[in-house]
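The values are calculated or read from the model by the stated rules, or taken from the named source; none is laboratory data. Please read all numbers here as calculations on a predicted model, not as lab measurements. All Cβ positions, glycine included, derive from the backbone under ideal geometry; neighbour counts span all protein chains shown.
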Amino acid sequence: MSVVFRSVTKRFGESLALDGVSADVRAGAVTALLGNNGAGKSTLLRVLLGLVAPTSGSATVEGSAYRDLPHPTRTVGTALEGAGFHPSRSGRDHLRMLARAAAVADNRVDEVLDLVDLAGVASKKVGSYSFGMRQRLALAGGLLGGPNVLVLDEPANGLDPRGIRWLRQFLRDFADRGNTALVSSHALAEVAVGADEVMVLHRGRLLAHSPVDEMSSGRRGLEESFFALIEAEPDGRM
């Protein structure tokens, strides 16, 4: 398995953000990490990327903790919510800065701008970009190292219907080349169409991990399955 979580638990003081999450995320698939706001999705992804230390348990990429990967940006591409952009810097210059920090050749910048369909606005200041364009720019930054694993936190936020359709196809093509895409989302309709597998996280617990077609036959079926799972959970937490 490309990405592995083993009994990942995270406490912030008295708050339990993650409660023993274990899962194997396979290569060659788009896996959606699904849950309401506050379910623990972002915390789990940040544990995987070494940005948050787990209280216990482990998260690995291709058998290693992120911090132990010899070339992290060439293995894992990331786009997390809240990624910072300098508003007066052009999209191309933003990526050039990231490329130099990651020891990636400058010519890769134009390649990823083409991949995310931003080549036509690459010379414009990021401050003029729509939110959806900034989402694509964040994705471009994650692709600079040519990774075989993508970890994306709510990448469809701010995208219009055309942008969501583009994202689905991009992730499909990425996974079909044998790569791994782990994508968090709270939007059920997007997941029903675009993902191969679903991980349902609720109050820090993993309630289900299964192929989408086993969990539902479409958008309504997935919604019903999702709410049945979370409504069956007891309210109390330690």
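Kindly indicate the residue of the range 51-63 that is within 10 Å of VAL4 (Cβ to Cβ) and modelled with pLDDT of 95 or more and also surrounded by the most Cβ atoms within 10 Å (Cβ to Cβ) among those meeting that condition.
First, pick out the residues of the range 51-63 that are within 10 Å of VAL4 (Cβ to Cβ): 58-63.
In the following step, the residues that additionally are modelled with pLDDT of 95 or more were identified as 58-61.
Values: SER58: 14, ALA59: 23, THR60: 17, VAL61: 25.
Result: VAL61.
Could you tell me how many of the residues in the range 172-190 are touching a Leu at 6+ places or on another chain (Cβ under 6 Å) and either at pLDDT 90 or above or β-branched (Val, Ile, Thr) (or both)?
Residues flagged as touching a Leu at 6+ places or on another chain (Cβ under 6 Å) and either at pLDDT 90 or above or β-branched (Val, Ile, Thr) (or both) within the range 172-190 amount to 3.
Which is under 29 Å from PHE227 (Cα atoms), of a type in the set (Lys, Arg) and under 18 Å from the mean Cα position of the chain (by Cα), of ARG11, ARG26?
Details: ARG11 fails: under 18 Å from the mean Cα position of the chain (by Cα).
Result of the check over ARG11, ARG26: ARG26.
For HIS86, indicate whether it is of a type outside the set (Val, Ile, Thr), crowded, with 18+ Cβ neighbours inside 10 Å, over 13 Å from the mean Cα position of the chain (by Cα) and outside any strand (DSSP E or B). If you could, list the steps in order and put the result at the bottom.
Values: of a type outside the set (Val, Ile, Thr): yes; crowded, with 18+ Cβ neighbours inside 10 Å: no; over 13 Å from the mean Cα position of the chain (by Cα): yes; outside any strand (DSSP E or B): yes.
When the stated conditions are applied, HIS86 does not pass them.
With LEU48, LEU34, LEU98 as the choices, which residue is modelled with pLDDT of 95 or more and not small (Gly, Ala, Ser)?
Details: LEU34 fails: modelled with pLDDT of 95 or more; LEU98 fails: modelled with pLDDT of 95 or more.
After applying the criteria, what remains is LEU48.
Could you list, in sequence order, all residues of the range 89-109 that are assigned to a loop (DSSP other than H, G, I, E, B) and either β-branched (Val, Ile, Thr) or closer than 17 Å to LEU150 by Cα (or both)? Spell out how you get there, then give the answer.
If we filter the range 89-109 for residues that are assigned to a loop (DSSP other than H, G, I, E, B), which is where we start, we get 89, 102-106.
Selection gives ALA102, VAL104.
Examine the range 71-79 for a residue that is over 18 Å from the mean Cα position of the chain (by Cα), surrounded by 14 or more Cβ atoms within 10 Å (Cβ to Cβ) and not aliphatic (A, V, I, L, M), and state whether such a residue exists.
no
Among the residues of the range 1-37, which ones are part of a loop (DSSP other than H, G, I, E, B) and either in contact (Cβ under 8 Å) with a residue 12 or more places away in the chain or surrounded by 15 or more Cβ atoms within 10 Å (Cβ to Cβ) (or both)?
Let us first name the residues in the range 1-37 that are part of a loop (DSSP other than H, G, I, E, B), namely 1-2, 13-14, 26-28, 35-37.
Once the filter is applied, which keeps residues that are part of a loop (DSSP other than H, G, I, E, B) and either in contact (Cβ under 8 Å) with a residue 12 or more places away in the chain or surrounded by 15 or more Cβ atoms within 10 Å (Cβ to Cβ) (or both), the range 1-37 yields MET1, SER2, ARG26, ALA27, GLY28, GLY35, ASN36, ASN37.
Look at the range 55-104 and say how many of its residues are of a type in the set (A, V, I, L, M, F, W, C), closer than 20 Å to LEU118 by Cβ and touching a strand residue (DSSP E or B) at 6+ places or on another chain (Cβ under 7 Å).
Within the range 55-104, the first condition is being of a type in the set (A, V, I, L, M, F, W, C), and the residues that meet it are 59, 61, 65, 69, 76, 79-80, 83, 85, 95, 97-99, 101-104.
After this cut, where a residue has to be closer than 20 Å to LEU118 by Cβ as well, the list is 79-80, 83, 85, 95, 97-99, 101-102, 104.
From what's left, touching a strand residue (DSSP E or B) at 6+ places or on another chain (Cβ under 7 Å): 79-80.
The total comes to 2.
Answer with yes or no whether THR60 is closer than 25 Å to SER185 by Cα, polar (S, T, N, Q) and touching a helix residue (DSSP H, G or I) at 6+ places or on another chain (Cβ under 7 Å).
Working: closer than 25 Å to SER185 by Cα: yes; polar (S, T, N, Q): yes; touching a helix residue (DSSP H, G or I) at 6+ places or on another chain (Cβ under 7 Å): no.
It is false that THR60 is closer than 25 Å to SER185 by Cα, polar (S, T, N, Q) and touching a helix residue (DSSP H, G or I) at 6+ places or on another chain (Cβ under 7 Å).
For the list (1) at negative phi; (2) out of contact with any helix residue (DSSP H, G or I) (no Cβ under 8 Å at 6 or more places or on another chain), I need the number of the one condition that GLY178 fails.
Checking GLY178 against (1) at negative phi; (2) out of contact with any helix residue (DSSP H, G or I) (no Cβ under 8 Å at 6 or more places or on another chain), the one that fails is (1).
Determine which member of the set ASP213, ASP153, ASP114 is within 19 Å of LEU33 (Cα to Cα) and surrounded by fewer than 18 Cβ atoms within 10 Å (Cβ to Cβ).
Working: ASP153 fails: surrounded by fewer than 18 Cβ atoms within 10 Å (Cβ to Cβ); ASP114 fails: within 19 Å of LEU33 (Cα to Cα).
One residue alone meets the criteria, ASP213.
If you check VAL109 against the conditions, is it more than 30 Å from ASN37 (Cα to Cα) and buried (at least 22 other Cβ atoms within 10 Å of the Cβ)?
Details: more than 30 Å from ASN37 (Cα to Cα): yes; buried (at least 22 other Cβ atoms within 10 Å of the Cβ): yes.
Yes: the conditions hold for VAL109.
Consider the range 55-107. How many of its residues are over 20 Å from PRO155 (Cβ atoms) and not hydrophobic (A, V, I, L, M, F, W, C)?
Total meeting the criteria: 24.
Before we move on, is GLY236 over 24 Å from VAL4 (Cα atoms) and either under 21 Å from the mean Cα position of the chain (by Cα) or modelled with pLDDT under 90 (or both)? Please lay out each step first, then the result.
On the way: over 24 Å from VAL4 (Cα atoms): yes; either under 21 Å from the mean Cα position of the chain (by Cα) or modelled with pLDDT under 90 (or both): yes.
Yes; evaluated as a whole, the condition is true for this residue.
Which of the helices (runs of 4 or more DSSP H) found entirely inside the range 125-235 contain at least 3 residues meeting this: among the hydrophobic types (A, V, I, L, M, F, W, C)? Write out each step before concluding.
Working: elements: 131-143, 161-176, 188-194, 212-215, 219-231.
Output list reads 131-143, 161-176, 188-194, 219-231.
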